[in-house]
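Okay, so here's the structure we're looking at.
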Amino acid sequence: MKTPLSDSRHTNFTDVLASVFQNTLDSMFDKDISVSFAQVSSAGPEDLSGGYEEQTLILATEEKTGTEAGLMFNTVDITYMTNLMMMMDEPGKDSLEPDDKDAIKELTSQMLAACSVPVEEKTGTKVSFRIDDVMVNDAPALFQADEYMIVDAAISIGSTKTTFRFFTDAALLNAFSKGGSAGAGLSDEPDFGAAFKFPDDEGVHIPDLGGGGGSHHTPGNLDLLLDIDVPVSVKMGSTNMFLKDILTMGSGNIIELDESADEPVELVINNKVIARGEVVIVDGYFGFRIKEIVSRAERIKKLKD
């Protein structure tokens, strides 16, 4: 039996999740997208699949805690969404084929990967979801946690209205504190965003920056912003030190950072993390390969904040 969760247990996480899912899908589809969470509840594994039996199950793992997570969609809906992702406005299918599973994995990987940066900024806690499998939801024994957080979502894709479900081991909620923040940024980068007036200051829709015919909606001050050089930093990690240790540092000393060697490095603009990835070598120079990035609209907002 599903039991409603109190807001204090989940809103710090789920408020971010709803916004990220909507922004990610909106950037992928050429249709108006709306995502809202109708109900957030807890339940045991026996009630997790209710309403989505024999439909599509996307199994995931939160890599830092090892907790279970995932998504459930009606198969006809998720295959319609993958068609849209591949620029084909065609109806979905009632059954999964091998090619469908690859496309679903790509779509849902983007949905979950996009959560990492906004969730950390809101809660101060890093999360990283990995898609493990896409399958028909016909094996309830797969679910091993004692309690799950179940998020029942309503989604509109153009004129099509349907639902999907996000779930995770309820133990993951313990990682989030109400009203948390991501902590201090890099203070040596200028706050250039404050010098510009942005479209959403007056309720104007943020324009599509991908080109096309929308330039007549773009205020001149945003055009100026698009043509300036922006300081971009790659942050490998940080730590705190006693002042006495800083004063006694010398050549050859090693400073241990808080991040482990296998964690992604961060791309920082205007003191805000907008992407995570890995350091690469390009023609003898350091480079940065992006693995997770916030939506274009969120990138603009971060310049202002």
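Every read-out reported here was derived from the displayed coordinates using simple, explicitly stated rules and does not represent laboratory data. Everything numeric here is computed off the predicted structure, so don't read it as measured data. Cβ sites come from the backbone with ideal geometry, for glycine too, and all protein chains shown count toward neighbours.
Rg/Rh, computed from the Cα trace of the stretch 3-175 with Rh as the Kirkwood radius, has the value 0.93. In order along the stretch 45-60, phi translates into HN-Hα couplings of x, 5, 10, 5, 8, x, x, 10, 5, 6, 9, 8, 10, 10, 8, 9 Hz, rounded to whole numbers, per the Karplus curve 6.51 cos²θ - 1.76 cosθ + 1.60 with θ = phi - 60° and x for Gly and Pro. Applied to the stretch 235-247, the Karplus parametrisation 6.51 cos²θ - 1.76 cosθ + 1.60 on θ = phi - 60° returns per-residue 3J(HN,Hα) values of 9, 8, x, 8, 7, 10, 9, 5, 4, 4, 6, 5, 5 Hz, with x for Gly and Pro.
A crude spin-label estimate for the pair Ser8 and Met241, with each label 7 Å from Cα along the Cβ direction, gives 4.1 nm. Near Leu142, once Lys and Arg are set to +1 and Asp and Glu to -1 for all other residues with Cβ below 12 Å from its Cβ, the sum equals -4. Residues with beta-carbon under 9 Å from that of Thr75, excluding Thr75: net charge, scoring Lys, Arg +1 and Asp, Glu -1? Surrounding charge for Thr75 is -3. Among the GluC sites (Glu not before Pro) found in the stretch 47-139, those both in a DSSP coil and sparsely packed, with 13 or fewer other Cβ atoms within 10 Å of their Cβ, are Glu53, Glu54. Annotation note: trypsin sites (Lys or Arg not before Pro) in the stretch 1-102 located in DSSP loop regions with a Cβ neighbour count of at most 16 within 10 Å are Lys2, Lys31, Lys64, Lys93. Contact order, relative form, for the stretch 3-175: 34 percent (alpha carbon pairs under 8 Å, 6 or more residues apart, mean separation divided by residue count).
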